[in-house]
2 protein chains.
Amino acid sequence: MPGAPTVTETIEMAQSRHFCIEQQQLVFSNGEARTYERLVSKGYGAVLVVPILDAEHFLLIREWASGTERYELGFPKGKIDAGETPEQAALREAMEEVGYGAKQLTCLHVPLTLAPAYMTHRIHVVLAQELYVAQAEGDEPEPLEVIAWRWDELDALMMRDDFTEARSIAALWLAKRYLSQGQVNDAG
Amino acid sequence: MPGAPTVTETIEMAQSRHFCIEQQQLVFSNGEARTYERLVSKGYGAVLVVPILDAEHFLLIREWASGTERYELGFPKGKIDAGETPEQAALREAMEEVGYGAKQLTCLHVPLTLAPAYMTHRIHVVLAQELYVAQAEGDEPEPLEVIAWRWDELDALMMRDDFTEARSIAALWLAKRYLSQGQVNDAG
């Protein structure tokens with residue numbers, strides 16, 4: 001592996017309420033110079049929750065997505081508030097978005113990145129088990145549709161046009177692998 | 001499912017070489033109004049290539065990631081050029097980044113999204129099979145390290161701190177599911 005490049009300059013190019021664009025001047029260990037742009041995440045990171053309803057079902061939400069301008073299926077997600085652990089943020093998001101608390105919260109894998117080449121964003125994947133009914137008020141503009149999906153209908157889920165988010169697909173596999181540990185080797 | 005919200009105003013907040021930040025005013029079908037920001041992708045979309053070296057190995061690259069400021073393992077990726085199909089872009093990227101062409105190129109799944117809530121970005125996942133040695137000149141600042149990873153060492157890959165990209169993890173599962181179709185039901 002080569003030595004890491006040296007960042008010789010970082011300039012803030014633009015700042016909005018949610019985004020910050022930086023430009024970096026880099027010199028690689030072989031002397032090659034490049035100018036790269038990157039998006040710098042604000043705040044304390046984010047969590048994605050995989051809620052396990054029972055032995056046969058996990059929970060998904062259907063929510064308006066302004067990026068793709070349509071309703072998308074995926075797992076509950078949200079920002080970590082100041083002072084929260086990923087598990088605490090996951091518990092809060094689960095109560096706000098699917099109406100369940102969880103007695104067991106487990107971080108799977110290291111935090112996922114979206115596009116590490118040009119985004120600093122990371123998201124913790126938290127498995128939520130032993131659910132109990134508990135609704136908390138969120139800031140959603142409309143009630144989220146919550147869907148109990150069967151593990152034995154994964155093929156149908158993967159063929160849908162509205163289940164596209166790489167983080168949700170990756171999290172589903174991580175959860176499936178974790179839950180089948182001890183039952184089958186390399187069950188994923 | 002509720003009716004889609006109405007976008008009443010879209011303002012460009014910032015523009016850089018690679019990014020465009022938009023602000024949208026939305027009114028949901030229940031009358032709730034919100035102001036959202038989103039990142040608008042430039043160009044013609046992107047491809048991620050899963051190169052299958054032989055029955056036991058797939059190929060990964062190790063590349064500097066300016067977002068996370070470290071070297072990351074993942075699949076070759078790149079933008080689709082004007083006039084290219086996703087398969088043509090995948091072939092070019094495979095030759096530039098791992099030094100192989102492919103006789104068989106298969107789009108898996110619908111294009112993945114990164115964060116559909118606030119990014120318009122989409123990426124086609126292309127499985128590359130029947131590889132042949134063919135190097136093309138890319139624009140990488142330094143030679144990429146290419147790693148042949150064994151399918152039966154997935155557990156070790158998933159435990160690494162530098163294999164974090166949700167798109168690569170999702171693509172790996174999609175490839176695994178596709179390749180095992182017909183062998184095992186719901187092999188993913």
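Annotations for the structure displayed:
Residues are listed down the side, and each one gets a yes or a no for (1) within 10 Å of chain A (Cβ to nearest Cβ); (2) in contact with a strand residue (DSSP E or B) (Cβ under 7 Å, 6 or more places away or on another chain):
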position: B:Gln15; (1), (2): yes, no
position: B:Ile21; (1), (2): yes, yes
position: B:Gln24; (1), (2): yes, yes
position: B:Gly31; (1), (2): yes, no
position: B:Glu37; (1), (2): yes, yes
position: B:Leu48; (1), (2): yes, yes
position: B:Pro51; (1), (2): no, yes
position: B:His57; (1), (2): no, yes
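- Identity of the residue in region A:38-77, open to solvent by 10 Å² or more (accessible area, probe 1.4 Å) and closer than 15 Å to A:Leu114 by Cα, that ends up modelled with the lowest pLDDT: A:Lys42
- Index of the failed condition, B:Glu140 passing every other in (1) more than 16 Å from B:Gly99 (Cα to Cα); (2) modelled with pLDDT under 95; (3) open to solvent by 20 Å² or more (accessible area, probe 1.4 Å): (1)
- Unique residue being modelled with pLDDT of 95 or more and farther than 22 Å from B:Glu69 by Cα when the list is A:Glu84, A:Glu32: A:Glu84
- For region B:159-174, a residue qualifies if it is modelled with pLDDT of 95 or more, open to solvent by 10 Å² or more (accessible area, probe 1.4 Å) and either over 20 Å from A:Thr120 (Cα atoms) or assigned to a helix (DSSP H, G or I) (or both), and the qualifying residues are B:Arg167, B:Leu174.
- Filtering region A:7-28 to residues that are open to solvent by 80 Å² or more (accessible area, probe 1.4 Å) and either touching a residue at least 12 places away in the same chain (Cβ under 8 Å) or closer than 14 Å to B:Glu69 by Cα (or both) leaves A:Thr8, A:Glu9, A:Met13.
- Residues that are within 12 Å of the chain's Cα centre (by Cα) and either touching a residue at least 60 places away in the same chain (Cβ under 8 Å) or surrounded by 23 or more Cβ atoms within 10 Å (Cβ to Cβ) (or both) are absent from region A:95-107 altogether.
- Search result, residues across region B:125-137 that are open to solvent by less than 50 Å² (accessible area, probe 1.4 Å) and away from chain A (no Cβ under 11 Å): B:Val126, B:Leu127, B:Ala128, B:Gln129, B:Leu131, B:Ala134, B:Ala136
The values are calculated or read from the model by the stated rules, or taken from the named source; none is laboratory data. On a predicted model such as this, the values are computed, not experimentally measured, just so you know. Positions of Cβ are backbone-derived with ideal geometry, glycine not excepted, and every protein chain shown enters the neighbour counts. Heads up: the accessible areas ignore ligands, DNA and RNA and are worked out on the full protein's heavy atoms, side chains in. Shrake-Rupley method; radii C 1.70, N 1.55, O 1.52, S 1.80 Å.
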